[in-house]
Amino acid sequence: MERTSLHNFIDHHGLIKGKKGRQNSEGIATEDITLMETSDILFPSPIAGSHSHMMEQSNVRRRQLPSLTHLIFGSRLLIGLVILFSAGTMYFASSVEAAGIDLGVTAQKAWDSVLNKADAQTKLTLKQAYDKVGNWKTQEQAWEQKIKTLHAANTAQLERLRVEIRQIDDAKVAALAEKVKQTQARYEPLFALYSSVNRQLDAAKAIKNKEWSAAIRTQAETLRPVVKLAREDIRIKKKELAEARKRKSAEIKRLRAMLAGADSAKKQIQTAKKQASLAKERYSNALQQFKQNTKQGQTSRVLSSLNTLASAAEKWAGTKQNIHTLEQKVSTMYVKVRQEIAKRPK
C-alpha cells in the first residue's frame, strides 16, 4: 500500500511537471508571436489543472492575440509619431533660436579657433559678445517679419477703404435718381397733353376762331395748375438727388482726408527705411571686419569688432522696430476711418 501510494504520488508529480512544461512552451510561443515583455502579466501561468482547462486557456490566448497585437502595434505607432513630431518641433525651435550671425564655413572655423585658444574668462567674454550680436540680429529678423505682415494688412485695408469710400451713399443716390426718372415718366403724358393743347390754342388763334379758342383755352387753364404741381414735384425730387450727391461728395472728401492722415507716417516710414538700409550697411561692414579679425586670431581685436558688430546690430534692429511702430500708426488711422464708415446710417 505504501509503494502504491508513493508510485501514485510520483506519477501525479510527473503529470504536473509535464503540464507545466507544455504550459511554458505555449507561453514561450505566445511571447515569440506577440513580442511582448509583459506576457506573463497579461497571461499569468495557470496552476496545475486538467488538460482541458489548459487547452481552453490556450484558445483564449489565441483569440486575444490579434486584438492585443493590433492595440500594441497602434500604441507603438502613436508613440513613434509623437516622438517624430516632438523632434520636428525641437528642430524648428532650434532653427528659430539659431537665427543670428551668418559666418559661413571658413569664418566659423576661424571663430572656433579663436575660442579654443582663449582662456576660460576670455572665452566667456567672447561668447557673451557673440550671443549679444546674435540676439540683436534675431530681433531684427523678428521685426522685419512683423513689418511685412502689418504692411501687407495695411495695404489690403487701404484698398478696401478706398472702394468703400468711393461707394459711399451709392444706394441712396441711385434710389433718388430712379425716383426722379420714374416721376418724370409718370408725368410725361400730362406734359404731352398740355403741349398739344397749347399748340391747338395757337392754331385757333391763328385762324381767329373764337369759339374754338375759348374751348381750348378753358382746357389749357384746367391743365395749367396740374402741370405746375407736376413740375414742382419733379423739381423737389431733383433737388433731393442733387443734395444727396453733394453730401456724398463731401463725405468722400472727408474720409479721404482722414486716409491722407496716414501719409505723414508713410513718409516717415520711407525715411526710416533709408536709415535701416544704412544700418544694414554698417552691420555688413562690421561683420566683414569681424571675420577678418577672426582670421588673424587676435583676441582683443576680435572682441572689439564683436562689440562694434553688436552696436551695429542693435541700431539695425532699432530702425526696424521704428518702422513697425510707424506701420502701427498707419493701421490705427485706417481703423479710425473704418469706424467712421461703420457708424454711418445705412
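The values are calculated or read from the model by the stated rules, or taken from the named source; none is laboratory data. Just so it is clear, the model here is predicted, and its values are computed rather than measured. Don't worry about glycine lacking a Cβ; one is built from the backbone with ideal geometry, like all the others, and counts go over all protein chains shown. The protein model used for the area step is the full one, side chains on, heavy atoms only, and it has no ligands, DNA or RNA in it. Shrake-Rupley method; radii C 1.70, N 1.55, O 1.52, S 1.80 Å.
Miscellaneous remarks
For every residue, the table says whether it meets (1) in a helix (DSSP H, G or I); (2) modelled with pLDDT of 95 or more; (3) open to solvent by 90 Å² or more (accessible area, probe 1.4 Å).
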| residue | (1), (2), (3) |
| --- | --- |
| Gln219 | yes, no, no |
| Leu223 | yes, no, no |
| Leu229 | yes, yes, yes |
| Arg235 | yes, yes, yes |
| Lys238 | yes, yes, yes |
| Ala242 | yes, yes, no |
| Lys246 | yes, yes, yes |
| Leu255 | yes, yes, no |
| Gln270 | yes, yes, yes |
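- Members of region 135-149 found to be among the hydroxyl-bearing types (Ser, Thr, Tyr) and either part of a loop (DSSP other than H, G, I, E, B) or modelled with pLDDT under 95 (or both), listed by number: Thr138
- Comparison of Ala152, Ala174, Ala156 shows that the only residue that is more than 30 Å from Lys320 (Cα to Cα) and part of a helix (DSSP H, G or I) is Ala174.
- Residues of region 292-346 that are in a helix (DSSP H, G or I), open to solvent by 50 Å² or more (accessible area, probe 1.4 Å) and closer than 26 Å to Leu259 by Cβ: Gln321, Asn322, Thr325, Gln328, Lys329, Thr332, Val335, Lys336, Arg338, Gln339, Ala342.
- For region 142-157, the criterion of being open to solvent by 80 Å² or more (accessible area, probe 1.4 Å) and farther than 30 Å from Asp102 by Cα is met by none of the residues.
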